[in-house]
Every structure is written in C-alpha cells, then in structure tokens.
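Structure record follows, encoded as structure tokens.
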Protein chains: 2
Amino acid sequence: MTDDRVKLAHGAGGPAMRALIRGVLLEGETHAETLAMDDGAAVPFGDRWLVFSSDAHVVQPIFFPGGDIGRLSVSGVVNDLAMMGACDILGLASNVVLEEGFSLDSLRTIQSSVRATCTEAGTRILTGDTKVMRRGEVDGIVLSTAGVGITDRVVRNAGLRPGDAIVVTGTVGDHGLAVLSARNNLGLRGDLRSDVAPLNGLVRAALAVASDAVHAMKDPTRGGVTGALVEMAEKAGVTVVLEEASIPVSHAARAAAEVLGIDPLLVANEGKALLAVARDRVEVVLDALHAHPLGHQAACIGRVVENTGSGAVLLETGFGTRRLLERDSDPLPRIC
Amino acid sequence: MTDDRVKLAHGAGGPAMRALIRGVLLEGETHAETLAMDDGAAVPFGDRWLVFSSDAHVVQPIFFPGGDIGRLSVSGVVNDLAMMGACDILGLASNVVLEEGFSLDSLRTIQSSVRATCTEAGTRILTGDTKVMRRGEVDGIVLSTAGVGITDRVVRNAGLRPGDAIVVTGTVGDHGLAVLSARNNLGLRGDLRSDVAPLNGLVRAALAVASDAVHAMKDPTRGGVTGALVEMAEKAGVTVVLEEASIPVSHAARAAAEVLGIDPLLVANEGKALLAVARDRVEVVLDALHAHPLGHQAACIGRVVENTGSGAVLLETGFGTRRLLERDSDPLPRIC
C-alpha cells in the first residue's frame, strides 16, 4: 500500500489518525472549536453552551460480552458530550447503514439495546436515516450517531494544570479486551465483559460536588488510557505521571491482556472517564464517583507536573519510570 | 431471501422503509417528535426551536456529474433542517467511515467539496469521527452527517391544507438520473447533472416573504416527488392534484429517463423542495424563489384538495387523471 491510501492506522485513534484529520479532513479549517479537537464541539447559545458530537460505530463482532453495537453507539456519543460537561442530553440522531440480508432479529435486538441505553442516559433518539447497501458492500451494520447536549460550563480535554490529580472512574482495558477475545474466540474463563455504558450520570455526580475543580475530562476509547493521556498532556503542555500499582485492571482483563499480548493501557474503554481534578478536591470527587454504580472502582492514578518534555506520560512501575507511547502501527480495527 | 432479512427496498424511501422504521427501529417509541417522522426533530429551546437531523450517504459512484458524496452529505442534512424551517445552521458533525486503501486524493477532493458546500450554506463542520474498515468490509466511503439548526417556527411536512398550492423549486429528477447515468456509463449527451445543493438560502428567501403562508415543506429525495407528496398527503389526510404539464423536467433528464425507463417523478432530487403555500400568497413566494439562483425554475405544479381517498396524489395528464403510486419494489440502491 502506498502512502496516498487510507491505512488501518488512520482509524486507530493515534497520531496517524490525528494527522489524517488535521491534514486532510480539516485542511484549510481555521475555526478554533474544530482545531481544539475535543470529543465534540461547543457553540455558545444564549448564556449556555450547546455541545454537539458524533461517532460512527463499526465494532466486530456486533454482539460481545457486556454489550453490543447499539449500546456502544449511544454510549459513545453520550460520553463525548459528558466529557465536555454536557450531562443533559437533548437528544440523539441515529443513522443506520445496513447490508442487504442483515437479520431483522439482530436489528431488533440492537434497537432494543439502543432504547435501553437511551433510557439509562435519560435521552432518546429523535431522528435518523436508514440506508441499505448490497451484499458485500458493507459488512453487516454501521451505526452512526450524533447527539446534542447543553451545559453551563464547557470542560476541555486540554485543561490539565500542574498539581492536578488524574482520576480514572474504574478498571481499564475491559472493552477492547472483551471485543478482541470474542473476535478471536479465546473462550477465556472469568468474567471479561465490555464496560460500555453511558457516563453522563456519573460525570454529573462528579461535577455536582466539584464542578470548577474538574479541569479536564476525556474518555479513553481508541488508543486507551495511554492515547487519551498523551493527547491531553500534549495539548496542555504538561507531563502526566502515573503510578502503575494504582491503575485498576480486572483479573479477567489482565489475563486476556497476557494471552493476547496487549497492554491494557493501550486498548479502548467505552465506560470510563479520565478526569484532571484540583488536588485539594480529589477526595470529594472520588467519594461522589464511588457512590455511583459506574464509579465503584474509581481511583486516583497519577498527577500532573510541569512539562519536562513534549506532553509526556510517564509510568512509575515501582522498579523505575518509563515513558508511555501511543500505539500507531499495529492498530486494532473495528474495536468500536 | 426470507422475510426476516433486510432487503434493498428497506432503504428505498418508500412504504417498506417506513415499515422498517416504525416496526423495528422505533418499536416501542411513543414520543411525538419521532413518530412525526419529519426530516428531522424539533426540540423546544427557550422561545425558539432547536432542529436536529442526520443522514448517511452511500452514493455510488462517489463522484458524479454535478457533485460528489461530500457535497451530498452537507446538502442532505442542511436541506432536512431547512425543510423544517431551520435555515440558520449552527453546525454539522461528520462521521467518515473509510475502506482501507481508499485514495487520500479522493478524500481530499471530497473534503474540499464538503467545505465549499458548508460555505455555501453558511455553516461548518464542528466535530466528527473517523473509522477505517479492512478492505472488503465497506465499499469505499460512507459519510454520515448530522446538523443542528435553529428556528422561531417549525414547518412540518404534514401541514398541507386544502386550497394550498404545491410549489416545486425547480426541475425534477436530475440527481437520481445523473447518478444512474454515471453508474451505467450511459454517456448521454446533453447536460444532465445532479441538482445537489444546500437549500437553506432559497428557503430563507421564501419564508422571508411569506413565512406563515408556507404550510408544509419536504425535499423530494429517495422516492422522488411522488414519494414525498404521497407521504405528505397521507400524513395530512388530503389529496394532492398535480398538473403534469406544469412540472419542470429538463430535456437532459427527460432523455435519460426514457433511456433508463424510469419516471422522473420517482427518482431522487437533492437540491429541490416541495412547498405547500396558501393560495393567495403563491405568487409572492414564486417571485422570491425566482430571484434566487437555485429557484429560477420554481413552478406551481398542483393543488391540495379535500381528501377523496387515503392520501392520494393524482396526476392530470391532459388526457385524464391517474393516481401516482410510490415505488417500493425495484429500488435504486445507493442513489444518495
């Protein structure tokens, strides 16, 4: 494949994808909202902000332990909005692209999951579009979802400040490892399940106790915790130092990661958030997270320090410190 | 293929698609906005309305005379918003699903077209998502776009009233016939080009002179003028009577329609609107449309009468009257 062709890495959530977005998709764009490249866009609206985001989902398999493409499509966009502080979701739009011959029973199951997840997130599908392609022109189903939310204060993923604590709302790596295990029929024992869930309720709980103290948020989807933190650190011009021992990873995810030879910090999560929180408010935020069903295992996993490199993320392993690098080659296509 | 599978007709914009949406995609939904099944959804917001819409585009070929999938993706969603009266577009979200190996040059051309069309519509892409699938998992590119607009007054496609004039903003059938001609390499002479264009400026001009007199709008995309008017007439419980001689069809489109054996009233338009206008204001509206570059050939093509059947659309041919029926079998997949 020559360099003038789309590569799988262009969809991996790392530097190749950002280069494609900046160099091709946004070529010539100058408006600040887009170049901020948050998980969504915020538009001033009266004295509040309208937040707008969208995600296309192509996960394979479409049904996996812990979820399906329907739950993923709603959670993906709800979480993008929540990461910008917009926990009140006005509504979603769902575009469904189907392959001729796709099972209507599967479609019913997926839509039932879409509705249940919308209910969980306190929102609903307001509009959509349906297209059918011939057999072989698309593999099964692509769900593309957009959402609109509203907030008084926009949280940017670049808002980290030296001194902040880095909080993760639970165990990491579950989604990506569950999907890869299902795809490869690993038949692992244990309860490895995707964490896919809408996080607006959890984030609302955190912001309710310490809104101004939450300086930045991002959900670690493609590229995992490493990818999300590298992007946040680069944009903020700070260094993030993580303590490996404090990062929650489930036994099942750890086992799958070893079998698959994949770092849990590099795979997608779909029901977790990373928060940069003012140091003196982190206990209050953790208490609020722990009180929510989706935040029981929230933990402080690191801190933000003055920049000593270009957006470095360092991992203290107990035996030393190593720099975490985004994955760019070896992408994991169709993980979400 | 058995009945429990997705068929091409499910994407054709006619009764099979509406049955799929009502029976599967919206099963169990009860909220009025969705069941109204307009081109988008309207949410009350302060003393105005937020209008939200989305479209997935899978057109094949992706470059066709008069446009490309990029121009189509922006026009599609802008037009959905404009049809509901929301001519001020706050912004768009663009989800790009790419096949590994897709030409980056083609992608650049498409994005350049996206930007140019946004400029034409006075809006911009605010956010998006990029996914890459392996070769053979998707055919080239799928562009899924959502948009948010704002309006003081929502226009519903079901608002037709007996006595209204039916106005079309220009020639019909150009988009579908241009795409089919390109796909089949017909090499027709003449200037058959897609009409794909963002209509919010044109609609704004019409609403500016006679806002309250525009009772209903819809853009005749999949299913064509016939499909759009049957849906509007059914929802409003009225009959629409068209005069065949007054319906503008270009020479090139008429020639292609004859070669392809397709009724121009049954194929997609992507730069036209149908308006139901109070009879005493139709001249004012036509004047406003004629003064706009996209409305030179706007014409009054029919009238709304009391219901004499169940949402019938009748065509007066000069030799008699026949009832127009939506196409359901023989779909034209990937026309938009």
message: Based on the alpha carbons, how large is the Rg to Rh ratio for chain B when Rh follows Kirkwood?
response: 0.95
statement: Inter-chain shielding metric for B:56-64, i.e. average beta-carbon neighbours from other chains within 10 angstrom, reads 3
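Sorted from largest to smallest, which semi-axis lengths in Å does the alpha carbon gyration tensor of the range B:37-151 give for its equivalent ellipsoid, taking the root of 5 times each eigenvalue?
Values: eigenvalues 148, 39, 27 Å².
Computed over the range B:37-151, the values are 27, 14, 12 Å.
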- prompt: Can you give the relative contact order of chain A as a percent, counting alpha carbon pairs under 8 Å and 6+ residues apart?
  reply: 24
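So for the range A:37-151, averaging the separation of alpha carbon pairs under 8 Å that are six or more residues apart and normalising by length, what relative contact order in percent results?
41
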task: Shortest first and in nm with one decimal, please list how far the A:GLY187 label point sits from its counterparts in the other copies (point 7 Å along Cα→Cβ).
output: 5.8
message: Show me the three semi-axes of the equivalent ellipsoid for the range A:250-336, from the C-alpha gyration tensor (sqrt of 5 times each eigenvalue), largest first, rounded to whole Å.
response: 24, 21, 13
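Rounded to the nearest 0.05, what FRET efficiency is calculated for A:SER246 and A:ARG153 with R0 set to 22 Å and r the Cβ-Cβ distance? Each step should come with its number before you reach the end.
Details: r = 28 Å, r/R0 = 1.29.
Calculated value: 0.20.
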P(r), alpha carbons of the protein assembly as shown - 20 Å bins starting at zero, rounded %: 19, 51, 24, 5, 0
query: For A:GLU27 and B:ASN185, what does the FRET efficiency come to when R0 = 35 Å and r is the distance between their Cβ atoms, rounded to the nearest 0.05?
result: 0.65
query: Measuring from a point 7 Å out along Cα→Cβ, what nm distances, shortest first, does B:GLU306 have to its partners in the other copies?
result: 8.5
message: Given a Förster distance of 60 Å, report the FRET efficiency between A:ARG254 and B:PHE319 from their Cβ-Cβ distance, rounded to the nearest 0.05.
response: 0.15
statement: Label points for A:ASP47 built 7 Å along Cα→Cβ; distances to same position in the other copies, nm, shortest first, come to 1.6
message: If you average the alpha carbon positions of the range A:272-300 and of the range A:80-154, how far apart do those two centres end up, in angstrom?
response: 28
task: Would you mind telling me which residue in A:GLU326, A:GLU137, A:GLU270 has the biggest mean-square fluctuation in a Gaussian network model of chain A, where springs connect alpha carbons within a distance under 10 angstrom?
output: A:GLU137
- request: Mind jotting down a quarter of the surface of the convex hull over the alpha carbons of the range B:149-190, in square nanometres, one decimal?
  value: 5.8
- request: Rounded to whole Å and ordered largest first, report the semi-axes of the equivalent ellipsoid of the range A:116-185 derived from its Cα gyration tensor (root of 5λ).
  value: 32, 23, 13
message: If you build the convex hull over the alpha carbons only and average its shadow over all orientations, what do you get for the range A:165-323? Give it in nm² to one decimal.
response: 9.1
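Within 10 Å of each candidate Cβ there may be at most 12 other Cβ atoms; applying that plus a DSSP loop requirement, which trypsin sites (Lys or Arg not before Pro) in the range B:113-204 survive?
For trypsin sites (Lys or Arg not before Pro) across the range B:113-204 that sit outside H, G, I, E and B with at most 12 neighbouring Cβ atoms in 10 Å, the list reads B:ARG189.
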query: Which of B:SER246, B:GLY224, B:VAL214 sits farthest toward the positive end of the charge dipole of the range B:181-253, with +1 on the Cβ of Lys and Arg and -1 on the Cβ of Asp and Glu?
result: B:GLY224
message: Let me check the size of the range A:112-251 from its C-alpha atoms; what are the radius of gyration and Dmax in Å?
response: 18.3, 55
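Throughout, read-outs are computed from the coordinates displayed, never taken from laboratory work. Note that the coordinates shown come from a computational prediction; the quantities given were computed from them, not determined experimentally. Note that each Cβ is placed from the backbone with ideal geometry, even for glycine, and that neighbours are counted across all protein chains shown.
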